[in-house]
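Please treat every number below as a calculation from the coordinates, not as lab data. For clarity, every value in this text was computed on a predicted model and none was experimentally measured. Positions of Cβ are backbone-derived with ideal geometry, glycine not excepted, and every protein chain shown enters the neighbour counts.
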Amino acid sequence: MAAPHPIRPATAADVPALAALKRATFYETFVEGFAIPYPPADRARFEADTYGEATVAAEIADPAHATWVVEGPDGALVAYAHVGPCKLPHGDVRTGELELYQLYMLQGQQGGGLGRALMERALGWMEGRSSRDSGSGRIWLGVWSGNLRAQRFYDRFGFRQVGDYHFAVGDHRDQEFILRRD
């Protein structure tokens, strides 16, 4: 199913709205949805470091990264995907391999094919670069161990669990699975 609105590359003009969307989808997913009891100071530090406007602007400006966004009917951003060099703590990661860092949408956008469309866009961008830059063509991602819906989604795209690690949200640690598509 095609996305209801075009997927486009993020630009510098998107930084404030994209940073806000990243914080909103993190909150919807993990705090409201999964009720992970992040200590407020840890969550605030994580959100500032990971989803702050300076961080988002640097990611958009970095040619090793790519970010795509989707606008809703009112022009507000409703979904995004962000990829870049793999930074997962796994011994098999090779220089030049890429990682899907984030693929999120507001809850009201879920279930209509937008996630699939964003994933296909991200995979298309990563596949050629990973093969060229690393020789392997492998693509990586990390997913929270309790997010079974996301795990099933990634499984449909050929990702398999190859490890795990602890993902830091401030001083709080989430158990994450490392998935790879060969």
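So if R0 is 25 Å, what FRET efficiency would His166 and Ala35 give, r being the distance between their Cβ atoms, rounded to the nearest 0.05?
Efficiency at R0 = 25 Å is approximately 0.85.
Work out from phi, with θ = phi - 60° and the Karplus expression 6.51 cos²θ - 1.76 cosθ + 1.60, the ³J(HN,Hα) of each residue of the range 76-82, listed in order in whole Hz, and give x for Gly and Pro.
With coefficients 6.51, -1.76 and 1.60, one gets 6, 5, 10, 7, 7, 9, 9 Hz.
According to the square roots a ≥ b ≥ c of the eigenvalues of the Cα gyration tensor, what is the shape class of the range 1-68, taking rounded for a/c under 1.5, prolate for a/b larger than b/c otherwise, and oblate for the remainder?
Here the range 1-68 falls in the oblate category.
Using the Karplus curve 6.51 cos²θ - 1.76 cosθ + 1.60 with θ = phi - 60°, work out ³J(HN,Hα) for each residue of the range 166-178 in order, rounded to whole Hz, and write x for Gly and Pro.
After applying 6.51 cos²θ - 1.76 cosθ + 1.60, I find 9, 8, 7, 10, x, 8, 6, 10, 9, 6, 10, 9, 9 Hz.
With runs of 4+ DSSP H residues as the only contributors, calculate the mean residue ellipticity of the chain at 222 nm using -39,500 (n - 2.57) per run, divided by the residue total and rounded to the nearest 500.
Taken over the chain, the calculation gives -11000 deg cm²/dmol.
P(r) tail for the chain, what percent of Cα pairs lie past 21 Å?
Tail of P(r) above 21 Å: 49 percent of Cα pairs.
Mind sorting Ser136, Ser130 by how few other Cβ atoms lie within 10 Å of their own Cβ, fewest first?
Fewest-to-most Cβ neighbours within 10 Å comes out as Ser136, Ser130.
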